[in-house]
Amino acid sequence: MKSFIIKTILASLTASILLLAVAQKADAKIIEQERSLYQNVYMVEEYGMHCMRFRKKNKNDLSQSCIFLDAPEIFVFDYYKQAMGVTFFVEDPKEILIIGLGGGVLANTFGELYPEAHITSVEIDPVVAKMAKKYFSYDDSKPNFETHIRDGRVFVKRALKDDKRYDLILLDAFNSDYIPEHMMTKEYLEEVKELAKDDGIIMANTFSTSDLFHHESATYAEVFGPMYQINFKDKKTNRVIVVSNKELPGKRELLKKANQMKGVLQIYGVDTLALLDAISDEVNWDTEARVLTDQYSPANLLK
């Protein structure tokens, strides 16, 4: 236990160094890069980590996924930890859909947490999927994994026509700017809602620091009603939204599940009680904010 605590502390310190280095545009060793139809995708090695980054002309680089080389099971980014909060809401999902593969960190983790689940990942960029397999141990040759190289919204529409339904849906699609605007609208979320089973849970990885926050929140509330947000109080970047077709559990029930998951999530460096404390049902957005629609989604201006 002592060695695990030390390892976790070191990992946290290393992550802090990484984020500081990114902010200062520190040099990193580029080990592979490839231009896709959508962006420049490249892998860097620095501070004992592999990171996948995206680059567009005149844009800041975005670290999409990172792992520690010596401790790949420990999460680098807080949003990975925040995403684990969704495990408090599900019991034993059999069908999991992930929109936005990235490095495959979440797909790999949920594959470990729920080995009987069938996990479908959707990624628009084949170069990203290639890097995930090469550097992040994402392996869709496993019988319970499958990958679709396709636009996430197109996949959702086709899955509805094929009468697919999922117990758990993770919305984690990002490009080098933000979430693609056609995957933020009321119409899209209504399609995702229909794709979830009656008791299905939907989790979305978003940001919490822009004018878009209020519009995003109003849109989720319009489609799903009450929702939880997961946001570490000392962090002002990512937030995770949890919604469902059913009534969401109360904090007492979530506490029970957090205690059940404590030993399981500790492997990844996740403090379940701190995670529980980060879950809130507070309405902290402008409820008069305009809902995003297919006709009104100026994400490029609001982000």
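Provide a single number: the residues in the stretch 203-240 that are over 22 Å from L273 (Cβ atoms), out of contact with any Leu (no Cβ under 7 Å at 6 or more places or on another chain) and hydrophobic (A, V, I, L, M, F, W, C).
Number of matching residues: 5.
Any idea which of N259, N245 is open to solvent by 20 Å² or more (accessible area, probe 1.4 Å), touching an Asp or Glu at 6+ places or on another chain (Cβ under 7 Å) and not basic (K, R)? Steps first, answer last, please.
On the way: N259 fails: touching an Asp or Glu at 6+ places or on another chain (Cβ under 7 Å).
After applying the criteria, what remains is N245.
Checking the conditions here, which among D61, D78 is closer than 23 Å to L254 by Cβ, modelled with pLDDT under 95 and touching a Phe, Trp or Tyr at 6+ places or on another chain (Cβ under 8 Å)?
Working: D61 fails: closer than 23 Å to L254 by Cβ.
After ruling out the rest, the residue left standing is D78.
Residue check: is D140 outside any helix (DSSP H, G or I), more than 26 Å from I31 (Cβ to Cβ) and at pLDDT 95 or above? Don't jump to the end; show me each part of the working.
On the way: outside any helix (DSSP H, G or I): yes; more than 26 Å from I31 (Cβ to Cβ): no; at pLDDT 95 or above: yes.
No; evaluated as a whole, the condition is false for this residue.
Can Y268 be described as hydroxyl-bearing (S, T, Y), under 19 Å from F75 (Cβ atoms) and assigned to a loop (DSSP other than H, G, I, E, B)? I'd like the intermediate steps shown before the answer.
Working: hydroxyl-bearing (S, T, Y): yes; under 19 Å from F75 (Cβ atoms): yes; assigned to a loop (DSSP other than H, G, I, E, B): yes.
Considered against the rule, which asks whether it is hydroxyl-bearing (S, T, Y), under 19 Å from F75 (Cβ atoms) and assigned to a loop (DSSP other than H, G, I, E, B), Y268 comes out as yes.
Listed here are the residues, each with its yes/no results for (1) assigned to a helix (DSSP H, G or I); (2) open to solvent by 50 Å² or more (accessible area, probe 1.4 Å); (3) in contact with a Ser or Thr (Cβ under 6 Å, 6 or more places away or on another chain); (4) over 21 Å from L170 (Cα atoms).
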| residue | (1), (2), (3), (4) |
| --- | --- |
| H50 | no, no, no, yes |
| S63 | no, no, no, no |
| D70 | no, yes, no, yes |
| K81 | yes, no, no, no |
| L97 | no, no, yes, no |
| S121 | no, no, yes, no |
| M131 | yes, no, no, no |
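Take K94 and tell me if it is among the basic types (K, R) and over 24 Å from L265 (Cα atoms). Spell out the reasoning first.
Working: among the basic types (K, R): yes; over 24 Å from L265 (Cα atoms): no.
Here the answer is no, as K94 does not meet what is asked.
Could you list, in sequence order, all residues of the stretch 160-201 that are within 16 Å of the chain's Cα centre (by Cα) and among the hydroxyl-bearing types (S, T, Y)?
S176, Y178
Mind counting the residues in the stretch 202-228 that are part of a loop (DSSP other than H, G, I, E, B), more than 25 Å from P93 (Cβ to Cβ) and either in contact (Cβ under 8 Å) with a residue 40 or more places away in the chain or not polar (S, T, N, Q) (or both)? Give the steps one after another, and end with the answer.
Kept after step one, since they are part of a loop (DSSP other than H, G, I, E, B), are these residues of the stretch 202-228: 208-211, 225-227.
Still in the running and more than 25 Å from P93 (Cβ to Cβ): 208-211.
Then keep just the ones that are either in contact (Cβ under 8 Å) with a residue 40 or more places away in the chain or not polar (S, T, N, Q) (or both); that gives 210-211.
Of the residues in that region, 2 qualify.
The values are calculated or read from the model by the stated rules, or taken from the named source; none is laboratory data. Keep in mind the model is a prediction, meaning the values are calculated, not measured. When we count neighbours, we look across all protein chains shown, and the Cβ atoms used for this are built from the backbone with ideal geometry, even at glycine. Just so you know, the surface numbers come from the protein's heavy atoms only, side chains and all, with ligands and any DNA or RNA stripped out. Shrake-Rupley method; radii C 1.70, N 1.55, O 1.52, S 1.80 Å.
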